Amino acid sequence: MVAIQQNLLFQLTKWSFSKQLHSLRQIESPFFIICLHGSLHLVDLCLNYFPANQKVVLISNGLSNWEITWAKKNLKVDGFLYLPKRVVHGFVVDLLIQELEHPFGLLDYDCYVFDTSIFERLSNLDSQSMLNALFVYTNSKINLDFPESYMLYLNPQPIRMIQKKYGVNSRVINYQSLPNHVKNKLLEIKIDEKHLPEEHKDYFDTMRLWIALGFADGYTCNFIERYPT
């Protein structure tokens, strides 16, 4: 019953999101900021550092009606999307990956970009790259660099192919929950139950699973800078 309810919520949310996003499809190289309840003072500050020509869309993920009204009145953005109910971060990322044909950016609202040239540099994306990133986590045990999600520019077409091929998504997942064909593929890049993408986490955090599978399939993540966290 729970699984049926979750699937119904996903379908309703996807339908609503797709309908809203339709009017924004003409926006070129947008950056999305996912806004949570209580975050608008940080979102307001974050927007101050956007270059004038950079398109930005806010996504309400759990904002109250008062916050939505305030944001629409006070924040200068190119679009505003609503989710009917707060969902996990990876769920929102998957909605964007599934609905958008062209590359797009993601920026955390507490990541302030003082060098505006980064936006343009980040959007120069190679077709074989799953994404461009600024922040890196190096896993020395398996000799792989994983992007941190504070600021990313994603290439949805290869990401969709990876997700469909292996039946995975962007959400947090434990190794034990993975099907055998996924575990076997991960072994090709030395990932197993004791060697996960992040040594300090005993699970695959948001987006880490399809990134790892993309590495195994020969795709790359490009780091325009290699800022530590």
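Conditions (1) crowded, with 21+ Cβ neighbours inside 10 Å; (2) among the small types (Gly, Ala, Ser), marked per residue:
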{"position": "Ser129", "(1), (2)": "no, yes"}
{"position": "Asn132", "(1), (2)": "yes, no"}
{"position": "Pro147", "(1), (2)": "yes, no"}
{"position": "Arg160", "(1), (2)": "no, no"}
{"position": "Pro179", "(1), (2)": "no, no"}
{"position": "Asn184", "(1), (2)": "no, no"}
{"position": "Tyr227", "(1), (2)": "no, no"}
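Please work out if Val136 is of a type in the set (A, V, I, L, M), in contact (Cβ under 8 Å) with a residue 40 or more places away in the chain and open to solvent by 30 Å² or more (accessible area, probe 1.4 Å). Here the answer is no, as Val136 does not meet what is asked.
Within segment 86-103, take every residue that is of a type in the set (D, E, K, R) and over 12 Å from the mean Cα position of the chain (by Cα) and give me the one that is farthest from Lys164 (Cα to Cα).
Taking segment 86-103 as the starting set, the residues that turn out to be of a type in the set (D, E, K, R) are 86, 94, 99, 101.
Checking which are over 12 Å from the mean Cα position of the chain (by Cα) leaves us with 86, 99, 101.
Working: Arg86: 25, Glu99: 14, Glu101: 15 Å.
Per the criteria, the residue is Arg86.
Which ranges mark the strands (runs of 3 or more DSSP E) fully within segment 120-227 that have 1 or more residues being basic (Lys, Arg) and modelled with pLDDT of 95 or more? Give the derivation first.
On the way: elements: 129-139, 144-147, 151-154, 220-227.
Those strands (runs of 3 or more DSSP E) span 220-227.
Restricting the first member to segment 207-218 and to residues that are over 16 Å from Leu152 (Cβ atoms), and the second to residues that are open to solvent by less than 10 Å² (accessible area, probe 1.4 Å), the beta-carbon pairs closer than 8 Å and six or more apart or on different chains are Leu213/Ile162; Leu213/Val182; Leu213/Leu186; Ala216/Leu186; Asp217/Ile162.
The values are calculated or read from the model by the stated rules, or taken from the named source; none is laboratory data. From a predicted model like this one, the values you see are computed outputs, not experimental measurements. Note: ideal-geometry Cβ built from the backbone for every residue, glycine included; neighbour counts use all protein chains shown. With ligands, DNA and RNA removed, areas are computed over all heavy atoms of the protein, side chains included. Shrake-Rupley method; radii C 1.70, N 1.55, O 1.52, S 1.80 Å.
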